Amino acid sequence: MNGKNKRRWPTLLAAAVAMQCQHALAEYEELPTLVVEGEVMEAGTASIQPGAAGTLDAADLLKRVPGGNVNRNGPLTGIAQFRGLYGDRVHVAVDGMALKNAGPNAMDSRMSAIPSALIRSVKVYRGVTPVSVGLETMGGAVMAESRRAEFTDTAEWTPQLFATAGWSSVNSGVYGGGLLGVANKNYRFHFSASHEDGDNYRYNDTDNVKYTNYDRQTYQAGFGLRRGGHEFGASYDHKFTGSSGTPSLPMDIRWIRTDAVNGNYSWALSDRVKLKTAMFFQDADHEMTNYHLRDAPADKTRWRRNNTDVTAGGYKVALVWSGIGGGELEVGVDGDLATHNAFVTNPNNAAFFVNLYNDINRNRYGAYAEWRGEPVERLSLTAGVRYRYTYMDAGKVDGTPARLMPAARMLRDRFNDGDRRQDQHDVDVSFDFNYQLNESLNLALGLARKTHAPTYQQRYTWLPLESTGGLADGRVYVGDMGLDSEKSYEAVAGFDLHLDRIGFLEGVYFEPRAFYRYVNDYIQGQLETDPTVLMAARMMLPNGCPNNPSGDTDNCVMRWTNIDAQLYGVDMQGGFSVGDHWRVDGLMTYTRGEKISGKDDNLYRIAPLQGRARLTYSIWDFAFSGEYVGALSQDKVADYNNELKTSDWSVVNVRFQYQPSYKYVQGLKLAVGLDNIFDNRHADHLNGINRVRESKVGLGNRVPNPGRNVYVTLNYTF
């Protein structure tokens, strides 16, 4: 980032005073909202164990949410997916912050920003997402909260302690973390830290997946005060990721440094009116290479080092009036500003460079109004409208290929002379109805129009490169500055059935949802026909597609394009108890994604029918569980990029947990588990394809899941 832009940031954020990001919305949990906590074997919650994906990635919690899933490109690179949409289409707020990925391939994915050792909860909206939750929520919203000290009910200072540690055999992974805090009814202070590292994980008895090693540390300090109708909170968060693999991407992580500061303030102006404000600021730097972990290319002219950075911030101001039409009206303004840079070099050639992204700005400004209440008896409604203005611009670019290759030079000049500034004006509308038919049955219906502006990669990738926000399909892409915003028309319908007893079954619950989404101007790659782009690609990729060296280069060059698409499916969760000791819980997810404009095709990276079921037996201070997890085969794959089909698979996991009820050790929790008991080799359809030539996993094959894994975890809360 140039100095001029660095100096501009404090001015921009200071001008947007009295700010609030999405954290303020976490207070409102409507009935269709699902909260997943980092606990185990309790009704209505979900768990995460070491080794589930070769690491302790909090993104794996989404696999335990109906409709949720994860696109995985590496151990710390889990990209959130919900009902078939993924990446930036899914709004992910981490402690209220809409953090940005430091790199253009989402190596530091937002869902992985909180280590699972310190995660407190993950909230997902199963109905349509209220417009108040975020600036862009076309693909739903995920609200992740980390542990912190909590206010108490007395003036007496109370210490608060949390400590955790664990080990997993599949990758010799270890982790440790904890929180130390002190609080009373008016003040709270805390400090937390964590460390995680692991080797390449095994997918059978003898072979491992290169490169799936990882190393990460986090630190956070925060405080808050609450007095006389005022509440203020602030925190500072630092994360450092060391050398970590991303086998489905062309490079690996050498390091990522991220610093983030956030603050929030609320004021009860009267019994009926409340002001809520918050802000955040983020600064991140990232270096990745294709030579420091995996075998370096034999041709030293192909060595690459990519240094990227992002400076971002956000704000929100909201007023909430109660007693409006028998409900509550929230009116707010919010904004989100981000500047991205990426600069590619070769350590063997000081003259080589590619200014891939230069001073890219993607700034969003919004205003919304939302009403929540009960217009008639038993019917609750959340209705809202949002306007969003998206401003995007880019600086001029250059690079050695443009100086040596006529085709690349033409692409550079076309980009620099083009209309790089783009303005989008979009409107979102959402309605979420819930009708309480009786004490046991609630009917749910959601209707929405949601929009999403193009990402900076989709607009401003000027050379055919694998810079795709983590798409990881082995193709190279060029951007299109004239892309339109995506416009989604969505309906979600279902019901929540909760019964105290059916025969000998107790605590019965069943919560299905069916959804349909038509997306006008959906953005995906289409085969490039521009002869200048194809000529540049042939010179830059003389051996063909990155994942298929014998392939025709022209068949792997794509341009981001607006098409029409539809997604539909069903997801559900349910469970029941038998007596005082037995409990059954399960979930199922099915999503279908189709391209419906031009030649019919399937959308990329859509998982098949999958589910999990868990049987738990608890007695005294002990709990035992067995879990079955499986997926059907997926043959409805995207032809446009030769997406691989996957076979059906299933695994069985078991877990033992001890949580003593004795005085002084009531906060202790010890767990021992065994995942994938039968050591089944299998691959999740949303796993990326292998890019590492020296791996025993074939080049271009889907990366397999971990094999048999023994793990131990220990938590203590005081």
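The values are calculated or read from the model by the stated rules, or taken from the named source; none is laboratory data. Model, not experiment: these values are computed from the prediction. Backbone-built Cβ (ideal geometry, glycine too); neighbour counts: all protein chains shown.
Tabulated data for the structure shown
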{"read-out": "Counted residues, region 338-381 - those being surrounded by 18 or more Cβ atoms within 10 Å (Cβ to Cβ) and touching a Leu at 6+ places or on another chain (Cβ under 6 Å)", "value": "5"}
{"read-out": "Condition check for THR277: in contact with a strand residue (DSSP E or B) (Cβ under 7 Å, 6 or more places away or on another chain), buried (at least 16 other Cβ atoms within 10 Å of the Cβ) and without any contact (Cβ under 8 Å) to a residue 60 or more places away in the chain", "value": "no"}
{"read-out": "Set ASP621, ASP648: member being modelled with pLDDT under 95, of a type in the set (Asp, Glu) and in contact with a strand residue (DSSP E or B) (Cβ under 7 Å, 6 or more places away or on another chain)", "value": "ASP621"}
{"read-out": "Region 199-238, residues that are in a loop (DSSP other than H, G, I, E, B) and either touching a Phe, Trp or Tyr at 6+ places or on another chain (Cβ under 7 Å) or not charged (D, E, K, R) (or both)", "value": "ASN200, TYR201, TYR203, ASN204, THR206, VAL209, TYR211, THR212, ASN213, GLY228, GLY229"}
{"read-out": "Filtered residue count, region 149-179, keeping only those that are buried (at least 24 other Cβ atoms within 10 Å of the Cβ) and part of a loop (DSSP other than H, G, I, E, B)", "value": "3"}
{"read-out": "Output for region 191-221, where each listed residue is under 30 Å from PHE151 (Cα atoms) and surrounded by 22 or more Cβ atoms within 10 Å (Cβ to Cβ)", "value": "SER192, SER194, GLU196, ARG216, THR218, GLN220"}
{"read-out": "All strands (runs of 3 or more DSSP E) inside region 43-136 with 1 or more residues being at pLDDT 95 or above and among the aromatic types (Phe, Trp, Tyr)", "value": "78-82"}
{"read-out": "Odd one out for THR713 among (1) closer than 30 Å to PRO159 by Cα; (2) surrounded by fewer than 22 Cβ atoms within 10 Å (Cβ to Cβ); (3) modelled with pLDDT of 90 or more", "value": "(2)"}
{"read-out": "Close pairs (9 angstrom Cβ cut-off, 6 or more residues apart or separate chains): touching a residue at least 60 places away in the same chain (Cβ under 8 Å) and within 14 Å of VAL703 (Cα to Cα) in region 659-688, crowded, with 17+ Cβ neighbours inside 10 Å and of a type in the set (Phe, Trp, Tyr) anywhere", "value": "ARG681/TYR203; ARG681/TRP649; ASP684/TRP649; LEU686/TYR86"}
{"read-out": "Elements of type strands (runs of 3 or more DSSP E) contained in region 393-485, each with 1 or more residues being under 24 Å from the mean Cα position of the chain (by Cα) and surrounded by fewer than 24 Cβ atoms within 10 Å (Cβ to Cβ)", "value": "422-436, 441-452"}
{"read-out": "ARG362 being assigned to a strand (DSSP E or B), charged (D, E, K, R) and either under 29 Å from LEU99 (Cβ atoms) or touching a strand residue (DSSP E or B) at 6+ places or on another chain (Cβ under 9 Å) (or both)", "value": "yes"}
{"read-out": "Options ASP259, ASP271, ASP295, ASP299: the member that is among the acidic types (Asp, Glu) and closer than 27 Å to ARG364 by Cα", "value": "ASP259"}
{"read-out": "Flag if LEU471 is farther than 20 Å from PRO531 by Cα and either modelled with pLDDT under 95 or among the basic types (Lys, Arg) (or both)", "value": "yes"}
{"read-out": "Residues within region 645-694 that are of a type in the set (A, V, I, L, M, F, W, C) and either surrounded by fewer than 18 Cβ atoms within 10 Å (Cβ to Cβ) or more than 25 Å from the chain's Cα centre (by Cα) (or both), tallied", "value": "11"}
{"read-out": "Filter result for LEU499 (surrounded by fewer than 20 Cβ atoms within 10 Å (Cβ to Cβ), assigned to a strand (DSSP E or B) and of a type in the set (A, V, I, L, M))", "value": "yes"}
{"read-out": "Residue, surrounded by the fewest Cβ atoms within 10 Å (Cβ to Cβ), within region 137-148, restricted to residues that are touching a Ser or Thr at 6+ places or on another chain (Cβ under 7 Å) and closer than 30 Å to TYR489 by Cα", "value": "GLU145"}
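So that you can scan it fast, the table gives a plain yes or no per residue for (1) in a loop (DSSP other than H, G, I, E, B); (2) closer than 30 Å to THR553 by Cα; (3) among the acidic types (Asp, Glu):
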{"residue": "GLU643", "(1), (2), (3)": "yes, yes, yes"}
{"residue": "VAL651", "(1), (2), (3)": "no, no, no"}
{"residue": "VAL654", "(1), (2), (3)": "no, no, no"}
{"residue": "PRO660", "(1), (2), (3)": "yes, no, no"}
{"residue": "ILE677", "(1), (2), (3)": "yes, no, no"}
